[in-house]
1. Spelling out what I want: for every residue of region 194-202, take phi, set θ = phi - 60°, compute 6.51 cos²θ - 1.76 cosθ + 1.60 (Karplus), and round to whole Hz; glycine and proline get x.
2. Testing the spin-label approximation: label points 7 Å from Cα along Cα→Cβ at D96 and R202. State their distance in nm.
3. Name the residue from S74, L136, G93 whose Cα lies farthest towards the positive end of the charge dipole of region 39-186, charges +1 on Cβ of Lys and Arg and -1 on Cβ of Asp and Glu.
4. Which of the aspartates and glutamates could a cross-linker span from K184 if the Cα-Cα distance has to be under 14 Å and same-chain partners fewer than 8 positions apart are dropped?
5. Dividing the alpha-carbon radius of gyration of region 59-212 by 2.2 N^0.38 Å (N being the number of residues), what value is obtained?
Amino acid sequence: MSALHRHKLTNEQGNAFQPHLPQARSFGGRPRLDDRTFLNAVLWLLRTGAPWRDLPPVSGNWSSVATRFYRWSSQGVWQHVPERLQQLAHRRGHIDWETQFIDNTVIRTHHHAAGAQGGQQHEALGRSRGGFSTKLHVKCEGNGKPLAVFLTGGERHEMLGLVPLLSAGRVKRGGPGQPKSRPKQLVGDRGYSNGVTRKELRRRGIRAVVPPKRDQRRQSRYDRERNRVERAIVKLKRFRRVATRYDERQEHFLALVTLAVAMEWARPVSRLR
């Protein structure tokens, strides 16, 4: 079995992605690479951590694949796919809105990721004792599937990802009404144990389930199921282009992370009816 074949989309995953991809436009000339082959090429890159130039010849011209990936990134296509899959899961009752989990992890950054115009601050890059890195913030629903992700520099505090994550992961309902987003309780580790977190969650009507720090007298409930978000992060980092950042631009790295999120939502669902 070839390396490329091992990383192909299953029929179920391919059917889940297909309805939410941009339609090809005919302007004459050579027809573009079909969507399934293109997705398999990007997925191979995502899983192996290889550079674009190392794409197998069966995937087509590497430059064309890379250009299309970057174009879809700027158009928000990769963000659109998991949103639609989450919408389908919500309609089928597969999202647990009772509890959400929040956590973060440091992504080591390759030196090739340095040098983008705008500087490190605008590309979610930073330097700390651990070296050159990016911090990935993740919010999961009650069953442990990622709802939203956010990037900051690796040296930044996890609190910087709290409000963006609370505001993200909004799932549109099947009918009228505001998108579903707010859980009854949010579970986090001691890094979120402070008055700012509790005040923000109280303002949103969300109960904080965060263990207290040793220097805090106030007690808080601690949900031992918090390892669900930790397992979700481990699943995302099984993709080598997520476990190590090689992309200069935050937009491109976030697109790869979002594709990894979409793969988790594409596993149990079929195409949107």
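1. 7, x, 5, 4, 5, 5, 5, 5, 5
2. 2.7
3. The residue sitting most towards the positive pole is G93.
4. Partners within reach: D96, E98, E141, E200, D223.
5. Expressed relative to 2.2 N^0.38 Å, the Cα Rg reads 1.19.
The numbers here are math on the coordinates, done by the rules we state, and not lab data. Note that this is a predicted model, so its numbers are computed, not measured. Note that each Cβ is placed from the backbone with ideal geometry, even for glycine, and that neighbours are counted across all protein chains shown.
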